[in-house]
Amino acid sequence: MRSRLRRAAAFAAVAIVFATVGALAQKKYDTGATDTEIKIGNIMPYSGPASAYGVIGKTEQAYFNKINAEGGINGRKINFISYDDAYSPPKAVEQARKLVESDGVLLIFNSLGTPSNSAIEKYMNTKQVPQLFVASGASKWNDPKDFPWTMGWQPSYQKEAHIYAKYILKEKPVGKIGVLYQNDDFGKDYVKGLKEALGEKAAAMIVAEESYETEQPSVDDQIVKLKLAGADVFVSITTPKFAAQAIKKLAELDWHPLHFLSNVSTSIGGVIEPAGYENAQGILSANYAKETADPQWDDDPGMKNFLAFLQRYDSGANKLDGSVIYGYGAAQTLVQVLKMCGDDLTRANVMKQAESLKDFETDTLLPGIKINTSPTDFAPINQLRMMRFKGRKWELFGDIISGELGR
Amino acid sequence: MSAAEDVVPTEQEGQAVEAVPKRAMTLGTGTSLIVLAALILTPLLVKNFVIFQMTQLLVYGLAVLALNILTGGSGQFSLGQSAFYAVGAYTSAVLMEQYNVNYALTLPISGLLCFAVGFLFGQPALRLSGVYLALATFALATAMPQLLKLNFLEPWTGGVQGLVVTKPDAPFGLHMSQDMWLYYFTLVITIAIYLLSVNLLRSRSGRAFMSIRDNEIAASAMGVNVALYKTLAFGVSAGITGVAGSLGAIVVQFVAPDSFTITLAIQLFLGMVVGGVGWLPGSFVGAAFIIFVPNIAESVSKGLSGAVFGVLLFFVIYLVPHGARQVAIVSQQLVGKFKK
Amino acid sequence: MELFTNQILAGISTGAIYACMALAVVMIYQAIDHLNFAQGEMAMFSTFISWQLMQWGVPYWGAFVLAVAFSFVGGIAIERILFKPLAKAPILTNVAGFIALFSIINSCAGLIWDFTIKQYPTPFGSAPFLGSQLISTHQAGMIGVTVLLLIALYFFFQYTRIGLAMRAAASLPESARLVGINTSWMIALGWGMAAAIGAIAGILIAPVVFLEPNMMGGVLIYGFAAAVLGGLTSPLGAVIGGFLVGIFENLAGTYIPGVGNELKLPIALALIISVLVVKPAGLFGRPIVKRV
């Protein structure tokens, strides 16, 4: 008797287990995902004032071509649909709506620019479509409580500024700081972070702040003013063209302050080389990714993967352009998230996997820097390492730092 | 570089903007009714996204219409409409988000405010014409994004981050999507402004505008108060552009300084030229051009989208140097031939 | 006081950039009575051509001469092919044509040479000029070349037959035709010269601002402003206008409290408009009298 009951119970248990597993193994899709395809949307400035960043979209397209050539993600090919917004927020809204409502994408990935992303944030969250790995360093993308469908990727500008401020407080506590910043969200965010981390000393230490607009041909005038204000620390919150102009002008003026350079302009090929290697000695910055021009990564397997990818799928790309490495890293992160989704390609699950990244390393992150997210931490990359330009390359120094205030 | 003065015959200086006969300023009744029917019925048949694009078309069409009144009507060249558009957009955004004003109420407020701004700007502009006026309006357009970024205005404008605008729901519990409601709301306002503009241009003021456009000195000699009418034209144009800006802000649900750069002013100008300077219905054709042709150019070639756009633009201006109005005239003639 | 002089000097060095461009603007205005929006892009493209030639091994001066010659021919070609058909079209349509040209050139340059900045060499070196660290030898050289161009243009317009013919064709086309001047080719010539001057401007400016497809956008605005301030009929006015704009912008940034820094361009433009309201033809321009 008992054994028959036991057998029945065992049988029932097995049946239940099978049923559950069967249910779990069921494929689940939202718009944009099918058995054979995952549609991914993207918005980039391919024309207009920020067109230099369009190369990120091109790199990502090439990377997804590689993934598709290697069999896709869990057997599904990636269909990458990328539109131009010319860095104009109204156009970004139009393109986002087109991607979601007309093209039916599963998610929008790595769309670029703080204004454009700010414009579509509410829409994406109302429609419950993931706005994943936003290509902007504004700190507002780490707000899972109010915007659970929006997540950033790179370390925020404010965090980076905290690191510089802490360094200044430690190494040059009586320094006089002159700041050159681009008069937009990028520049202003940095300045905010800098002042926040300097605390009460900010007012005393910052002797001059000069802004510039991207329409201006050159920033030479501003540099002259900063020098004349007596600064001996120079914080350059500039995009590549103006960063190079600043480096060159500093040399011409024979002015050698402690020079901090924003991470967006550390590309050796894009900034340092045109400005002149000899003029860039001693510049400080911070980074989270490897530099192609740095010989110390010549034998690094991650860098080798990257270079092999370029050769095979994106041979026209300028491998010294920081944007190319950026696109590669971001695309790799997305592929990881999609792989983790398995057969459950609902938007909710995409966000769930995106907020469960644990110690994920891409080919291009600096060793020791890992991607970590959680339901309350929507900032995947949170760490940086400081570096100093010496000779013809950036020399990393110090520990890996996180940009938190207080430490 | 001698001290001798240049004497220029009138054709050179005066005819910067060609005259458009009053009759030809609008569509015939039959065509108008067909277009109206299409505008009213299409949203019931298409997806929300297309409705959104149609609403954008109406908004930009309004802005181009305003420019048509200013340039085609009174002969004053303006590259600065984006500034008035921005003022209108921000007025609505700030009133809606910071002071909880109902969205419909913000429209007349923004229209009046922009009228005042335009009227005031028209004053110093009186002494300028042609390329000098172009430069002055250009200066206004470049100044606007920078003014919007000013630190001390940040508590209201949101600074470089801009403001997110809440989209209104259909009132009275109507079973309509937000997009559809917004479309019909915009349509009603557009039609109203269009009819008022046609009326304005047919009225005494309109005749005054056109006399100033055709020959300012003669107009003045005939007793037209040139100063008043020129500034009035600026004011009206700015007011309508402001209303367009407000609607634009509500439709896009976002305002930021980067949304209102000189690129917008140039696009509105192109819209006016493609539509036909001075031909009010053409404003909407021009708006369609500036919204959809860049998308077409992008689908042809992402890397060369600007070049494709330029080529398409050249194509249009070679075929029809006088814009869509030329197409309309030609088709009218064809229809006339058929009737015989 | 020292700050003030330094500001003036710094303003002069930026102003040199504007002055160069303003000369090209005045040149095209003399030819067609209009401002060509695509002027800056044409200059940028020419500069890229000379850069490319140097990448292929051509020495600096060879590349310079070739690029300027190419620009001259290119300018004429663009006018003959693209704008002659629009000669009878309304002016506003022509302006739309300029905008289209701008778009095409900018896009093509971006595709061919991408958007990363390129270093551009200078024949004048970058050492401090006369010991002053605010003006480098390159900037001094830039001012020198601009002045030379200015003098050359002056002689061209005042003392050569073609120069006179061009001025006649621009201001009184009907009468010019009556005396046998081929006004159509004068316009083409004007375009060619403007393109050549633009190329020289681009080649001088690139070492300072770094070469990239969007390099001339801002410069063109300032060039327009400077040319208008100085008087669109006066090359000398254009050059002086350029320096004035550079100096004033710098001073405005320093001495106008609060907003001076953030509103440099609008303030500079506001100044120019104020001057225009008082002197509608610019500082050195010839007033145009309208015949009733």
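The values are calculated or read from the model by the stated rules, or taken from the named source; none is laboratory data. Model, not experiment: these values are computed from the prediction. Cβ atoms come from the backbone with ideal geometry, glycine included; neighbour counts cover every protein chain shown.
Conditions tested, residue by residue: (1) in contact with a helix residue (DSSP H, G or I) (Cβ under 7 Å, 6 or more places away or on another chain); (2) crowded, with 22+ Cβ neighbours inside 10 Å.
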{"site": "A:S51", "(1), (2)": "yes, yes"}
{"site": "A:G54", "(1), (2)": "no, yes"}
{"site": "A:Q61", "(1), (2)": "no, no"}
{"site": "A:N65", "(1), (2)": "yes, no"}
{"site": "A:G72", "(1), (2)": "no, no"}
{"site": "A:K77", "(1), (2)": "yes, no"}
{"site": "A:Y87", "(1), (2)": "yes, yes"}
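The residues in the stretch C:12-60 that are among the small types (G, A, S) and at pLDDT below 85 can be counted, and the count is 2.
All conditions in (1) charged (D, E, K, R); (2) modelled with pLDDT of 90 or more; (3) under 17 Å from A:I272 (Cα atoms) hold for A:K195, with the sole exception of (3). Picking from residues in the stretch B:52-62 that are within 12 Å of chain A (Cβ to nearest Cβ) and under 19 Å from B:T263 (Cα atoms), the one that is surrounded by the fewest Cβ atoms within 10 Å (Cβ to Cβ) is B:L57.
Here is a yes/no grid of residues against (1) touching a residue at least 60 places away in the same chain (Cβ under 8 Å); (2) farther than 30 Å from A:A243 by Cβ:
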position: C:R161; (1), (2): no, yes
position: C:T183; (1), (2): no, yes
position: C:L204; (1), (2): yes, no
position: C:F224; (1), (2): yes, no
position: C:L229; (1), (2): no, yes
position: C:S234; (1), (2): yes, yes
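When you check A:G276 against the structure, is it within 9 Å of chain C (Cβ to nearest Cβ) and surrounded by fewer than 22 Cβ atoms within 10 Å (Cβ to Cβ), yes or no? Taking the combined requirement at face value, the residue satisfies it. Is it the case that the stretch A:252-272 has a residue that's within 23 Å of A:S156 (Cβ to Cβ), within 12 Å of chain C (Cβ to nearest Cβ), part of a loop (DSSP other than H, G, I, E, B) and at pLDDT below 90? Yes; the residues of the stretch A:252-272 include at least one that is within 23 Å of A:S156 (Cβ to Cβ), within 12 Å of chain C (Cβ to nearest Cβ), part of a loop (DSSP other than H, G, I, E, B) and at pLDDT below 90. Scanning the stretch A:287-305 turns up no residue that is within 11 Å of chain C (Cβ to nearest Cβ) and either in a helix (DSSP H, G or I) or under 30 Å from A:Q383 (Cα atoms) (or both). Taking the condition closer than 23 Å to B:V274 by Cα and away from every other protein chain (no Cβ under 12 Å), does B:I69 pass? It is true that B:I69 is closer than 23 Å to B:V274 by Cα and away from every other protein chain (no Cβ under 12 Å).
Of all the listed residues (A:A286, A:A317, A:A308), the sole one being under 22 Å from C:E212 (Cα atoms) and of a type in the set (A, V, I, L, M) is A:A317. Say whether the condition of being at pLDDT 90 or above, within 18 Å of the chain's Cα centre (by Cα) and among the aliphatic types (A, V, I, L, M) is met by at least one residue in the stretch A:21-39. Checking the stretch A:21-39: not a single residue is at pLDDT 90 or above, within 18 Å of the chain's Cα centre (by Cα) and among the aliphatic types (A, V, I, L, M).
Results for (1) among the hydroxyl-bearing types (S, T, Y); (2) surrounded by fewer than 24 Cβ atoms within 10 Å (Cβ to Cβ); (3) free of Cβ contacts under 8 Å to residues at least 60 places away in the same chain, shown as yes or no for each residue.
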residue	(1), (2), (3)
B:G75	no, no, no
B:S78	yes, no, no
B:Y90	yes, no, no
B:I109	no, yes, yes
B:L113	no, yes, no
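Restricting C:L251, C:L204 to those that are touching a Gly at 6+ places or on another chain (Cβ under 9 Å) and either of a type in the set (V, I, T) or surrounded by 24 or more Cβ atoms within 10 Å (Cβ to Cβ) (or both) reduces the list to C:L204. The residues listed here are A:I369, A:I400; of these, the one that is of a type in the set (A, V, I, L, M, F, W, C) and assigned to a loop (DSSP other than H, G, I, E, B) is A:I369. Consider A:K319 carefully, then state whether it is more than 24 Å from C:S13 (Cβ to Cβ), away from every other protein chain (no Cβ under 11 Å), basic (K, R) and surrounded by fewer than 17 Cβ atoms within 10 Å (Cβ to Cβ). In short, yes. Considering B:S205, B:S246, B:S220, the condition of being more than 22 Å from C:A89 (Cα to Cα), surrounded by fewer than 23 Cβ atoms within 10 Å (Cβ to Cβ), more than 13 Å from every other protein chain (Cβ to nearest Cβ) and of a type in the set (S, T, Y) is satisfied by B:S205 alone.
Checking the structure you have, find out if any residue of the stretch B:274-282 is part of a helix (DSSP H, G or I), within 8 Å of another protein chain (Cβ to nearest Cβ) and modelled with pLDDT under 95.
yes
Which residues, counting only those in the stretch A:350-407, are exposed (fewer than 15 other Cβ atoms within 10 Å of the Cβ) and touching a His at 6+ places or on another chain (Cβ under 8 Å)? Of everything in the stretch A:350-407, those that are exposed (fewer than 15 other Cβ atoms within 10 Å of the Cβ) and touching a His at 6+ places or on another chain (Cβ under 8 Å) turn out to be A:E404, A:L405.
The residues of the stretch C:221-236 that are farther than 17 Å from C:A31 by Cβ and buried (at least 24 other Cβ atoms within 10 Å of the Cβ), listed by number, are C:I221, C:Y222, C:A225, C:A226, C:L229, C:G230. When the stretch A:95-114 is filtered for residues that are in a helix (DSSP H, G or I) and surrounded by 24 or more Cβ atoms within 10 Å (Cβ to Cβ), the ones remaining, listed by number, are A:Q95, A:A96, A:L99, A:T114. Of the candidates C:S50, C:S103, C:S71, the single residue that is crowded, with 22+ Cβ neighbours inside 10 Å and touching a Ser or Thr at 6+ places or on another chain (Cβ under 8 Å) is C:S71. For first residues located in the stretch C:265-277 and on the phi < 0 side of the Ramachandran plot and within 9 Å of chain B (Cβ to nearest Cβ), partners that are among the acidic types (D, E) and assigned to a helix (DSSP H, G or I) and lie 6+ apart or on another chain with Cβ distances below 9 Å form the pairs C:L265/C:E249; C:I267/C:E249; C:A268/C:E249.
Residue under question is C:P173, and the condition is that it be within 14 Å of chain A (Cβ to nearest Cβ) and in contact with a helix residue (DSSP H, G or I) (Cβ under 7 Å, 6 or more places away or on another chain); does it hold? Considered against the rule, which asks whether it is within 14 Å of chain A (Cβ to nearest Cβ) and in contact with a helix residue (DSSP H, G or I) (Cβ under 7 Å, 6 or more places away or on another chain), C:P173 comes out as no. Here the condition is being within 14 Å of chain C (Cβ to nearest Cβ) and over 18 Å from A:A119 (Cα atoms); of B:L147, B:L95, it holds for B:L147 alone. Quick check on A:G327: is it over 25 Å from A:G72 (Cα atoms) and of a type in the set (G, A, S)? Answer is no for this residue. Here A:G391 meets each of (1) touching a residue at least 24 places away in the same chain (Cβ under 8 Å); (2) touching a strand residue (DSSP E or B) at 6+ places or on another chain (Cβ under 8 Å); (3) on the phi > 0 side of the Ramachandran plot with one exception, condition (2).
Within the stretch A:246-257, does at least one residue satisfy the condition of being surrounded by 21 or more Cβ atoms within 10 Å (Cβ to Cβ), among the small types (G, A, S) and in contact (Cβ under 8 Å) with a residue 40 or more places away in the chain? Among the residues of the stretch A:246-257, at least one is surrounded by 21 or more Cβ atoms within 10 Å (Cβ to Cβ), among the small types (G, A, S) and in contact (Cβ under 8 Å) with a residue 40 or more places away in the chain, which makes the answer yes. A single entry from C:A22, C:A100 fulfils the requirement of being under 17 Å from C:V208 (Cβ atoms), part of a helix (DSSP H, G or I) and within 13 Å of chain B (Cβ to nearest Cβ): C:A22.
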